[in-house]
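Student: Handing you this structure, nothing more for now.
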Amino acid sequence: MRGPHRLLRQVLVAAAAVWQVVALPAAAERLRIATGELPPYATASRPDQGIALAVIRAAFERVGVEVAYTFLPWGRAQEEARTGRYHGTAHWGRRPDREQDFLLSDNVLTEQWVLLHRAGVALDWQRLDALAPLRIGGVRTYTYTPEFHALAASGALRVDWVPDDLSLLRMLVAGRVDVVPLDRNVACYLLEQHFKPEDWPRIAANPKLITEVFTTHLMLSKRLPDSAARMQRFNRGLAQLRSSGQYQRLVGSIECRAGLAKAAIR
């Protein structure tokens, strides 16, 4: 009787081995990322949900991770990601206060921050303190540069703080401020979407960048135990994306019909 039992065991072992071969692979890890509206980089209005978010999604896909984005007000996106309700948030400039609560990725893309000004205002500057005589608009929660915030806090620059970029451009077009710092590609998108073509010539972009190193990043909450490993995987996927050539196809370049010049992304 031992023979048939041994044969049955062999059949069961073989069947288990076959099942392991044909079984479906484990589902990819799925991360929930909080973000906000900043077209063309992050927006629910585009099929790819924005250039920066497309890059992050593609980088994660290369290491077997799926991403689901939730659009929230920017401040809420950061706070809920900080507490661990979301795995992370994207995309953000690097600041010391953010590094206290988050792990920051390698550079997703470098934004192009310039000074937009009323076309009738001459703007030739080498240092930000040269803007002292002008009326400036800004968004208080934005990174800008440490120098900009220090000059504003000291009163050396007169800054009218508003809640968002669209408000900045409306103030500039209306002549209520003389100059605003804004990413050139964001400005192009907002001008084309929210202003009439006859308004476009009222705004000019100074060619000098406020900073050459305005990098942007995926941020993962330090409160979640797997964030460090996830960040390593993301950075590996991002490096593969850049070396493959897919990165440049994703970011491409943006044509600006509003006349602020074409701006390549890197």
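Derivation of every value follows stated rules applied to the coordinates shown; laboratory data play no part. Just so you know, these numbers come straight off a predicted model, no measurement behind them. Cβ atoms come from the backbone with ideal geometry, glycine included; neighbour counts cover every protein chain shown.
Student: Which helices pass in the chain if a helix is a full DSSP H run, must span at least 18 angstrom along its long axis by Cα, and must have mean Kyte-Doolittle hydropathy not below 0.5?
Tutor: Both cut-offs are met by 2-22.
Student: Another one. Plugging the Kirkwood radius over Cα pairs into Stokes-Einstein for the chain, at a temperature of 37 °C and a viscosity of 0.692 mPa s, what D comes out in µm²/s?
Tutor: Numbers: Rh = 20.8 Å.
D = 158 µm²/s.
Student: Given the -39500 (n - 2.57) contribution per DSSP H run of 4+ residues, what per-residue ellipticity at 222 nm results for the chain, rounded to the nearest 500 deg cm²/dmol?
Tutor: It comes out at -11500 deg cm²/dmol, rounded to the nearest 500.
Student: Okay, next question. What is the spin-label model distance, in nm, from Gln248 to Arg202 if the labels are put 7 Å beyond Cα along the C-beta direction?
Tutor: 4.0 nm
Student: While we're on this one: At a threshold of 8 angstrom on Cα-Cα distance, excluding pairs fewer than six apart, so keeping six or more, what relative contact order does the chain reach in percent? Mind dumping the intermediate values first?
Tutor: Numbers: 443 pairs, mean separation 71.0, N = 266.
Relative contact order, the chain: 27 percent.
Student: Okay, moving on. Just for the chain, what percent of DSSP beta bridges are antiparallel, to the closest 5?
Tutor: Of all bridge pairs located within the chain, approximately 60 percent are antiparallel.
Student: What is the mean projected area of the alpha carbon convex hull for segment 90-195, to one decimal in square nanometres? Present the calculation step by step, with values, prior to reporting the outcome.
Tutor: Values: hull surface 30.2 nm².
Projected area, direction-averaged: 7.5 nm².
Student: What is the sum of charges around Thr70, taking Lys and Arg as +1, Asp and Glu as -1, for the other residues whose C-beta is under 15 Å from the C-beta of Thr70? Each step should come with its number before you reach the end.
Tutor: Values: positive: Arg30, Arg32, Arg57, Arg76, Arg82, Arg85; negative: Glu37, Glu66, Glu79, Glu80.
Result for the local shell: +2.
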